[in-house]
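In what follows, a structure is listed as structure tokens, so that the remarks can point back to it.
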Amino acid sequence: MSGREHRGTIFVEEAELLAQQEFPGRQFVIRLHAPKCAAAATPGSFAHLTCDPMLPMRRPLSIMRVDPTAGWVEILYKIVGPGLEALSKQPKGSRIS
């Protein structure tokens, strides 16, 4: 890595979908229980989420809010294609990588 380490922030974690709320304009806030991610998140961090088991490409989404003590992260996204459309339909309790 050209002299710059990834600062220990690159890892894979299976998160539980705790809540998903829809807002006008096909925007959603998703809350995931992801303690490892919550502990490492900083403003401007991105999480690369799987949207559906049938769609292998991850979507890079910016972390909006985090609670490291409770172990959750919230991500705001807007549906712009089939991947995020599939993510918006994931039920509470789903496992998301």
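The values are calculated or read from the model by the stated rules, or taken from the named source; none is laboratory data. Note that the coordinates shown come from a computational prediction; the quantities given were computed from them, not determined experimentally. Glycine also receives a Cβ, built like all others from the backbone with ideal geometry; neighbour counts cover every protein chain displayed. With ligands, DNA and RNA removed, areas are computed over all heavy atoms of the protein, side chains included. Shrake-Rupley method; radii C 1.70, N 1.55, O 1.52, S 1.80 Å.
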* Tell me which residues, restricted to the stretch 64-97, are under 12 Å from the mean Cα position of the chain (by Cα) and of a type in the set (Lys, Arg). => 65, 95
* To do: Run residue 47 past the list (1) small (Gly, Ala, Ser); (2) within 19 Å of residue 67 (Cβ to Cβ); (3) at pLDDT below 90 and report the number of the one that doesn't hold.
  => (3)
* **Residue tally, condition out of contact with any strand residue (DSSP E or B) (no Cβ under 7 Å at 6 or more places or on another chain) and closer than 15 Å to residue 13 by Cβ, over the stretch 25-69** => 5
* To do: May I ask you to verify whether residue 19 is open to solvent by 40 Å² or more (accessible area, probe 1.4 Å), at pLDDT 95 or above and not in a strand (DSSP E or B)?
  => no
* Asked: Considering only the stretch 42-93, how many residues are in a loop (DSSP other than H, G, I, E, B), among the small types (Gly, Ala, Ser) and open to solvent by less than 20 Å² (accessible area, probe 1.4 Å)?
  -> 1
